[in-house]
1. Straight-line reach from residue 204: which aspartates and glutamates have Cα under 19 Å away, leaving out those fewer than 8 places along the same chain?
2. What are the chymotrypsin sites (Phe, Trp or Tyr not before Pro) within region 113-221 that DSSP puts in a loop, where the Cβ has at most 12 other Cβ atoms within 10 Å?
3. Taking θ as phi - 60°, what are the ³J(HN,Hα) couplings along region 73-88 by the Karplus curve (6.51, -1.76, 1.60), each to the nearest whole Hz, with x for Gly and Pro?
4. Can you tell me the Rg and Dmax of region 62-145, counting just the alpha carbons, in angstroms?
5. Spin-label point model (7 Å from Cα, Cβ direction): what's the residue 65 to residue 134 distance in nm?
6. Between residue 163 and residue 31, with labels modelled 7 Å along Cα→Cβ, what's the label distance in nm to one decimal, could you check?
7. For a Förster distance of 30 Å, can you work out the FRET efficiency between the beta-carbons of residue 202 and residue 176, rounded to the nearest 0.05?
8. Tell me the relative contact order for region 18-143 as a rounded percent, counting alpha carbon contacts under 8 Å between residues six or more apart.
Amino acid sequence: MVIILNEFMELTQRQNHRQILATPPQRRRQVTEEEMVAAVETLLLGLGENPHREGLKDTPKRVVKALKFLTSGYFQSLDEVLNGAVFHEDTQEMVLVRDIDLFSLCEHHILPIIGRAHVAYIPDGRVIGLSKIARLVEMYARRLQVQERLTAQIADALMGLLKPKGVAVVIEATHMCMVMRGVQKPGSWTSTSALRGIFATDGKTRQEFMNLIQHRPTFGG
Ligand SMILES: [Zn+2]
């Protein structure tokens, strides 16, 4: 796992800022709503169901609507999500937003990834509204993902935006494709991290972050 992550981080570090800020990939072909609904109908037929029975009558439409919502991050850009909420501030203390709820879909099975993200950065003249960090996580989560890439995208976006001294992102998540099928291991979860700048180079800073995210507060559930 560690080796895979390291390779991946090298790859993403080679991406330049423009690529990270670019709007999401354009669809190759315009697909109509009707075509999408028909595809879900075909899927239901293939599963041995009758898509026209009462309970399933509107299911294809609902599935398409739900999937569009769950992947709406493709159609958002950082600019739109942040809406100018970057401020000048002379603090150099670590900012940490913990336990950001995360709902995504794995790109291999289109099944849910459910977890939490912890995001920290050490500013260098620029800070961002705290709620915007959660919005940023949400934007990347609402795409078809692998957990490693999601983790790296959040870190790289913040690095590009704020040019901070460093960024650390840890995601802990459970993958329904592992829990409900395949190895069927309920309770298994995967932890990924992306460390940039001082979090990658300075062991003490990294350790402080790790300690902070391990501490479980007694408030807030
Ligand atoms: Zn999967």
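A short reminder: the numbers here are calculations on the coordinates, not readings from a lab. A quick note: this is a predicted structure, and the numbers were derived from the prediction, not measured. Here the Cβ positions follow ideal geometry from the backbone for every residue, glycine too, while neighbour counts run over all protein chains shown.
1. Reachable aspartates and glutamates: 93, 124.
2. Numbers: sites: 121, 140, 189, 199, 209, 219; in loops: 189, 219.
Of the chymotrypsin sites (Phe, Trp or Tyr not before Pro), the ones in loops of region 113-221 whose Cβ has at most 12 other Cβ atoms within 10 Å are 219.
3. Karplus values, whole Hz, x for Gly and Pro: x, 5, 9, 10, 10, 4, 4, 5, 5, 7, 6, x, 7, 9, 10, 7.
4. Rg then Dmax for region 62-145, in Å: 14.8, 48.
5. 2.5 nm
6. Label at residue 163, label at residue 31, 4.1 nm between them.
7. Working: r = 37 Å, r/R0 = 1.22.
Calculated value: 0.25.
8. For region 18-143, the relative contact order is 27 percent.
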